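The values are calculated or read from the model by the stated rules, or taken from the named source; none is laboratory data. Since we're looking at a predicted model, the values are computed, not measured. FYI the Cβ positions are ideal-geometry reconstructions off the backbone, even for glycines, and counts take in every protein chain you see. The protein model used for the area step is the full one, side chains on, heavy atoms only, and it has no ligands, DNA or RNA in it. Shrake-Rupley method; radii C 1.70, N 1.55, O 1.52, S 1.80 Å.
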Amino acid sequence: MSRKLLEVKSVVKIFHIGGRFLGTKLKAVNNVSFDIDSEKPEILTFAGETGSGKTTLARMILGLEQPTSGEITYKGKNVSHIQKREELLEYMKEVQPIFQNPFETFNPLRKVDSYLFETAGNYNLAKTKGEKAKLVEEALKSVGLTLNEVQGRYPNELSGGQLQRTSVARALITRPSLLIADEPVSMVDASLRMSIVNLFSDLKEEYNVTVLYITHDLATAYYISDRIAIMLRGDVVEFGNIDKVMLSPLHPYTQILLKSVPQPDPEGTWKEDIKLSSLEVKEFSRLGCKFYERCPSAMKICEEVEPLSVFRDGREVKCHLYSEEFKKEEETLPGSF
Amino acid sequence: MSLLEVENLSAYYITHAYGVQRDVRAVDNITFSMEENEIVGLAGESGCGKSTLIKVLLAIIKPPLRVLSGQVNYSYDGKKFNLLTLEREQLRKVQWEDISYIPQGSMSTLNPVRKIRKTFEDVIKAHKKSESREEYERLMEEHIKYLGLPLEVLDSYPHQLSGGMRQRTTIALATILKPKIIFADEPTTALDVVVQRGVIQMLKQLHEEQKNTMLIVTHDMAVHANVAEKIAIMYAGKIVEIAEKKELFTAPKHPYSQFLIQSLPRIGDKRRRTSAPGNPPSLADPPPGCRFHPRCPYVKDVCKRHIPKLIEYEESHNIACFLYSSEIEEGEEIVQEIIRS
Ligand SMILES: Nc1ncnc2c1ncn2[C@@H]1O[C@H](COP(=O)(O)OP(=O)(O)O)[C@@H](O)[C@H]1O
Ligand SMILES: Nc1ncnc2c1ncn2[C@@H]1O[C@H](COP(=O)(O)OP(=O)(O)O)[C@@H](O)[C@H]1O
Ligand SMILES: [Mg+2]
Ligand SMILES: [Mg+2]
């Protein structure tokens, strides 16, 4: 049996909005389960529109937020039960975040390298200044920078690319096994975007780092990922091998999402119009399928009954079009085989 | 004459710290033009000067930004003027009504403490004094409905709307007076793909109806592929290539544009992409000669000494690169007259 690096089991996160007793509940993450093998480093993407619960899921994995129910274990240990300082430190060493905007990660009045030295000091990784410098230097080297380029510099003296690389380097100082990158490229331009995602691929190949890549940029997701999970209003609606999901999507939402990706192809302009979601909260609180109102193949059952996840053609899909019950119904239709 | 003709435009951020002057050459001797009813996409890395260029084309010039040279000539409906020399009152009249702006980050034009209806009213009143209240209301509601937004947005506060809805509201506001030309700064950045598509859909619909000229700024080439007719590539404060969309995607000429196009990921293709080596230069201290020469695989001696001129290489394909022409840009020695201060 292979060992698991990360296991997310039926995780639910409910937020109470507008007061705990009078307000409404919002299920930001609804019954999400997946795991990551410790023998097989990978890049796993979580994609989906804004407000689909991606950041909430990431925060729970980082231990910054507690699941309402379900559990998250890292190397067999329940993340919510980590209490002792040493255990927490140990966990933070192995699981490191990378944030969205490099210009916000760094305080404009602080020298960039101070963040690197601080991280090297925080985790008791090095005692002397020389040891710390060595760690920092190695981390910078793995992102294609040298200490010389960043030492003594303020954030505004570096380019966006150098800054985002520096923030990846900071995360690498502790030699983590898992990087949680929440929209790390959404604020950067095309060429920088490619250099960051190439960096993730290299980290996986050369340093066996697993990357949980959260993005709405499906083109780079396709380019680097092994697996992908498509999220919609807290649900994982389709999950599996990247080629399966992105080249032959089954869920109607995945299909629309993929059709909406602008392709860098001068002939490939969209023809037909799409329907946009009206009210987020309304979709969250739907009883049946969250995509019911926008789905071109919506059926009666979708309005009231939440679909179950089923396994079809090498991926999981949460849609009544593919569920057993619906198949049975279809089989009894007169005049069909 | 073209609708917009920009000539030798230079605008720098000029700051002084500890007695040392620092010039950020965000718009550096730019010459180009835009025709009526055309959609031009402006692309380039973050920090290359796209937003600054747009601001100057709209005459939104606040210190430390200063225009050092050049003209921004508009010509439409029998009117002809250099926007940079207009008096305050004249400027106020053409801004928004004729020359409109969708700024980066949709919160900046929507007043957070006013209902959206009030913000719309303020804009209409400021420009159309003669019309009655009923007329305002009608104009506003028609426009909102036409753009497929629910009328409820008018009675909401900005924070009550989702990011995508807010962005579409900003676009509605910028176009309420049917402007001749619209400058949109990163209208789709940081929106998810489905909402992004909705915003693009809306811009195209507006273009169909109002027949306005649009300059759309984004670093996302895939967005340009879907809206622009012509694409201008900016690098370190200068325009280095302008071409028809198809030409630019299939046969980019400037080495920087080539890197840009080659590096684009496509769904269904996992071949390794590489981006241009090195980092973009600091605009406070750009390299001499061609700004791209330190990163260019074809660099020649001349590139290090002189700035290549943006020339018409083929019909509607302009390039600034010594691989295609030996013309040198004049203007390095231009007397830096100060038009505004
Ligand atoms: N602390 C919180 N309190 C209340 N609602 C929250 C909180 N954090 C997130 N949400 C809501 O949960 C939903 C999912 O948000 P998020 O996880 O940030 O999605 P994503 O990262 O996919 O955009 C959104 O509707 C958001 O408004
Ligand atoms: N107020 C300012 N003061 C000094 N420098 C500025 C100011 N605003 C922008 N800059 C600099 O001008 C250059 C161009 O910026 P900008 O036009 O915003 O680029 P883009 O829109 O292409 O990302 C950048 O180097 C930026 O740091
Ligand atoms: Mg998020
Ligand atoms: Mg900008």
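The rows are residues; the columns are (1) at pLDDT below 90; (2) not polar (S, T, N, Q).
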| site | (1), (2) |
| --- | --- |
| A:Asn148 | yes, no |
| A:Gly160 | yes, yes |
| A:Leu192 | yes, yes |
| A:Ser195 | yes, no |
| A:Leu203 | no, yes |
| A:Ala229 | no, yes |
| A:Lys244 | no, yes |
Worksheet entry | Enumeration of residues in the range A:97-108 that are open to solvent by less than 90 Å² (accessible area, probe 1.4 Å) and either within 16 Å of ligand 3 (Cβ to nearest atom) or touching a Lys or Arg at 6+ places or on another chain (Cβ under 9 Å) (or both) | A:Pro97, A:Ile98, A:Gln100, A:Asn101, A:Pro102, A:Thr105
Item to complete: Look through A:Leu116, A:Leu109, A:Leu179, A:Leu192 and report the one residue that is in contact with a Ser or Thr (Cβ under 8 Å, 6 or more places away or on another chain) and either part of a loop (DSSP other than H, G, I, E, B) or within 16 Å of ligand 4 (Cβ to nearest atom) (or both).
Response: A:Leu192
Worksheet item: What do you reckon, is A:Glu94 within 16 Å of ligand 3 (Cβ to nearest atom) and among the charged types (D, E, K, R)?
Response: no
Discussion item. Cβ contacts < 7 Å: first residue on the phi > 0 side of the Ramachandran plot, restricted to the range A:59-74; second residue small (Gly, Ala, Ser), any location; separation 6+ or different chain. Result?
Written reply: A:Gly70/A:Ser10
Worksheet item: How many of the residues making up the range B:199-239 are without any contact (Cβ under 8 Å) to a residue 24 or more places away in the chain, at the interface with another protein chain (Cβ under 10 Å from one of its Cβ atoms) and of a type outside the set (Lys, Arg)?
Response: 1
Worksheet item: Has the range B:90-98 got any residue that is open to solvent by less than 40 Å² (accessible area, probe 1.4 Å) and either without any contact (Cβ under 8 Å) to a residue 40 or more places away in the chain or within 16 Å of ligand 1 (Cβ to nearest atom) (or both)?
Response: yes
Discussion item. Being modelled with pLDDT of 90 or more, open to solvent by 60 Å² or more (accessible area, probe 1.4 Å) and either more than 16 Å from ligand 4 (Cβ to nearest atom) or away from chain B (no Cβ under 14 Å) (or both) is the requirement here; does A:Gln83 meet it?
Written reply: no
Practice prompt. For the range B:142-154, state whether one or more residues are open to solvent by less than 10 Å² (accessible area, probe 1.4 Å), within 12 Å of chain A (Cβ to nearest Cβ), in a helix (DSSP H, G or I) and at pLDDT 90 or above.
Written response: yes
Discussion item. Out of everything in the range A:294-337 that is aliphatic (A, V, I, L, M) and modelled with pLDDT of 55 or more, what residue ends up being least open to solvent (accessible area, probe 1.4 Å)?
Written reply: A:Val317
Fill in: When residues of the range B:32-69 are limited to those that are more than 14 Å from chain A (Cβ to nearest Cβ), within 16 Å of ligand 2 (Cβ to nearest atom) and part of a strand (DSSP E or B), the one most open to solvent (accessible area, probe 1.4 Å)
B:Arg66
Worksheet item: From the set of residues in the range B:90-137 that are closer than 24 Å to B:Asp77 by Cβ and of a type in the set (Lys, Arg), which is modelled with the lowest pLDDT?
Response: B:Lys129
Item to complete: Collect the residues in the range B:173-198 that are more than 16 Å from the chain's Cα centre (by Cα), part of a helix (DSSP H, G or I) and either surrounded by fewer than 21 Cβ atoms within 10 Å (Cβ to Cβ) or away from chain A (no Cβ under 14 Å) (or both), keeping them in residue-number order.
Response: B:Leu173
Worksheet entry | Among (1) at pLDDT 95 or above; (2) polar (S, T, N, Q); (3) under 30 Å from B:Phe249 (Cα atoms) - the single one B:Ser51 does not satisfy | (1)
Worksheet item: Just to be sure, is A:Ile214 within 14 Å of chain B (Cβ to nearest Cβ), touching a Lys or Arg at 6+ places or on another chain (Cβ under 6 Å), open to solvent by less than 20 Å² (accessible area, probe 1.4 Å) and assigned to a strand (DSSP E or B)?
Response: yes
Worksheet item: Quick check, is A:Ser285 surrounded by fewer than 16 Cβ atoms within 10 Å (Cβ to Cβ), within 29 Å of A:Leu26 (Cβ to Cβ), away from chain B (no Cβ under 13 Å) and at pLDDT 85 or above?
Response: no
Practice prompt. Output the qualifying pairs, or none if there are none: Cβ atoms under 7 angstrom, residues six or more apart or on different chains, first residue in the range A:140-168 and without any contact (Cβ under 8 Å) to a residue 40 or more places away in the chain, second residue in a loop (DSSP other than H, G, I, E, B) and β-branched (Val, Ile, Thr).
Written response: A:Leu140/A:Thr146; A:Arg165/A:Val143
Item to complete: Answer yes or no as to whether B:Lys246 is assigned to a helix (DSSP H, G or I), over 26 Å from B:Val24 (Cα atoms) and open to solvent by 60 Å² or more (accessible area, probe 1.4 Å).
Response: yes
Fill in: strands (runs of 3 or more DSSP E) enclosed by the range A:1-75 - at least 2 residues per element that are more than 16 Å from ligand 2 (Cβ to nearest atom), among the basic types (Lys, Arg) and modelled with pLDDT under 95
A:24-37
Discussion item. I need the full set of residues from the range B:74-89 which are out of contact with any Phe, Trp or Tyr (no Cβ under 7 Å at 6 or more places or on another chain) and surrounded by fewer than 19 Cβ atoms within 10 Å (Cβ to Cβ), in order please.
Written reply: B:Ser75, B:Tyr76, B:Asp77, B:Gly78, B:Lys79, B:Lys80, B:Asn82, B:Thr85, B:Leu86, B:Glu87, B:Arg88, B:Glu89
Practice prompt. State yes or no: is B:Tyr298 modelled with pLDDT of 95 or more and surrounded by fewer than 13 Cβ atoms within 10 Å (Cβ to Cβ)?
Written response: yes
Worksheet item: B:Gln104 is checked against (1) within 27 Å of B:Asn8 (Cβ to Cβ); (2) part of a helix (DSSP H, G or I) and fails just one. What number does that condition carry?
Response: (2)
